[in-house]
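Here's the structure we're looking at; comments come further down.
The values are calculated or read from the model by the stated rules, or taken from the named source; none is laboratory data. Everything numeric here is computed off the predicted structure, so don't read it as measured data. Glycine gets a Cβ as well: all are built from the backbone with ideal geometry, and neighbour counts include every protein chain shown. With ligands, DNA and RNA removed, areas are computed over all heavy atoms of the protein, side chains included. Shrake-Rupley method; radii C 1.70, N 1.55, O 1.52, S 1.80 Å.
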Amino acid sequence: MKILHSLAASCTVALLALAPAHAALPRPPAAGQSLFDGKTLKGWKRVAGTADYKVENGAIVGTTVMNSGNTFLVTEKEYGDFQLELDLMIESAVSNSGVQTRSHFDTPGHEGKVYGRQLEIDPSPRSWSGGVYDEARRQWLYPLDLHPEAKTAFKVGQYNHVKVECLGNEMKTWINNIPVAYVVDPVDPTGFIGLQVHGISTKEQEGKKVYFKNINIKTTDLKPSPFPADIYVVNFVPNQLNAYEKQHGWKLLFDGKSPAGWRSAKSPAFPAAGWQVADGLLSVQPSAGKEAANGGDIVTNGQYKAFDLSFEFRLTPGANSGVKYFVTLDEKTEGSAIGLEYQVLDDALHPDAKLGRDGNRTLASLYDLKKADKGPRFIHPIGEWNVGRVLVHPDNRVEHFLNGAKVLEYTRGSADFRALVAESKYKVWPNFGEAPAGHILLQDHGNAVSFRSIKIKELK
């Protein structure tokens, strides 16, 4: 009997030694329903492109082909609320893939295309796997600049365990049991699941394979899976916080109904004219582009030290405004109050974009100090909503974001910061930008600009 046990153990060791390095260890059966029987593509269909999907060794294998756009193997059935888990492997960092959720195909306005929220698989150097991309529609919803600690979760050349949870209007993602992204989005309550083979443009990318297996979905007895406290939530429900945000310290600075919490930068009252609260928007009214000549700037009643500030803004053609922080109101000015400024600007039509130095007055820049390094795909068109974010760490590091992409970083009070101030219009103000606390300010620059979903979390 000891001989048999010894022989069995030896065989097991030998088999493991012969197994590919990227082979996933056996996983206990998942709760819910299997969407893949391990043998056929029953229940699935290919749409949009011509990439190849086959079943090999218990996995769905997608292979890139030239002269094809993005291709998807999608479920024949649609799903609403669910928890989906699967194992996924990309053999090369030149590939790209994703898992579609609540998605659709070939509807008016999207002829021949799949569209919907995708759990992105991005093994490129930027490492945004697990982020959320809105395929063929709004593009990036949750780039991993919003959660850089999760960038190392995905591993190329081996199976990764992927989980996505869609409950109500909330979507959460995990890679290898590491929480990655959290999106609250009111669109698409139902749709199909899809497995993407990305379109390619070079011979180097041809023939690359993506592997999917152990695909399980749970649609009943669903309970939200916990997320840690430090995950930033992208919330597209205007002027609303979800339970997670409230639990972890976020507060609305604008309730969508009144100017409560705001006042004029020049007096204790909210401006009697020049600003309007209507349809869930806080809007500055136009005055021929004259700075602070109508209602003037408005500021929060409260002051803030270290914080995470998020806001949506919508520009009209040629408009100029700004969101300022660490505004003390100690400086006496004729126009706008003094403070560090997240620039809000139509770069194409407003002349201020060409002033300053090296583009440091363009959209999302630290106005007149440091240029925002932003890609064109992260600039939403004039008339559409953009999401700005200012993250001020307790150690005085500051980051600006535009639509989820990090566009600049600096440290208040550092030698580099003071050198920037010395070359700017702010050099006349002693210790500019170094106040320990200050108000948040929305600027009246004489152009029509609207704000909503203004929220803040104070950091300890």
Quiz item: If only one of 296, 335 is in contact with an Asp or Glu (Cβ under 8 Å, 6 or more places away or on another chain), on the phi < 0 side of the Ramachandran plot and touching a residue at least 40 places away in the same chain (Cβ under 8 Å), which one is it?
Solution: 335
Self-check item: Filter result (outside any strand (DSSP E or B), free of Cβ contacts under 8 Å to residues at least 40 places away in the same chain and touching a Leu at 6+ places or on another chain (Cβ under 8 Å)) within the stretch 123-137
Solution: 126, 127, 128
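Would you confirm, using the coordinates I've provided, whether residue 352 is closer than 16 Å to residue 409 by Cβ, modelled with pLDDT of 95 or more and surrounded by fewer than 19 Cβ atoms within 10 Å (Cβ to Cβ)?
On the way: closer than 16 Å to residue 409 by Cβ: no; modelled with pLDDT of 95 or more: yes; surrounded by fewer than 19 Cβ atoms within 10 Å (Cβ to Cβ): yes.
When the stated conditions are applied, residue 352 does not pass them.
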Practice problem: Inspect the stretch 345-357 for any residue being under 28 Å from residue 249 (Cβ atoms) and either in contact (Cβ under 8 Å) with a residue 60 or more places away in the chain or part of a loop (DSSP other than H, G, I, E, B) (or both) and give the result as yes or no. | Solution: no
Quiz item: Within the stretch 190-231, which residues are surrounded by fewer than 20 Cβ atoms within 10 Å (Cβ to Cβ) and among the hydroxyl-bearing types (Ser, Thr, Tyr)?
Solution: 190, 201, 202, 219, 220, 225
Self-check item: Residue list for the stretch 130-183, filter: basic (Lys, Arg) and touching a Ser or Thr at 6+ places or on another chain (Cβ under 8 Å)
Solution: 151, 163, 172
Quiz item: Would a scan of the stretch 141-158 turn up a residue that is touching a Pro at 6+ places or on another chain (Cβ under 8 Å) and surrounded by fewer than 21 Cβ atoms within 10 Å (Cβ to Cβ)?
Solution: yes
Exercise. Give just the number: which of (1) modelled with pLDDT of 95 or more; (2) of a type in the set (A, V, I, L, M); (3) in a loop (DSSP other than H, G, I, E, B) does residue 229 not satisfy?
Key: (1)
Quiz prompt | Residues located in the stretch 97-135, provided they are closer than 23 Å to residue 80 by Cα, open to solvent by 30 Å² or more (accessible area, probe 1.4 Å) and within 16 Å of the chain's Cα centre (by Cα) | solution = 133
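Give the residue that is surrounded by the most Cβ atoms within 10 Å (Cβ to Cβ), with candidates limited to residues of the stretch 340-349 that are in contact with a strand residue (DSSP E or B) (Cβ under 9 Å, 6 or more places away or on another chain) and among the acidic types (Asp, Glu).
Only one residue fits best here, namely 341.
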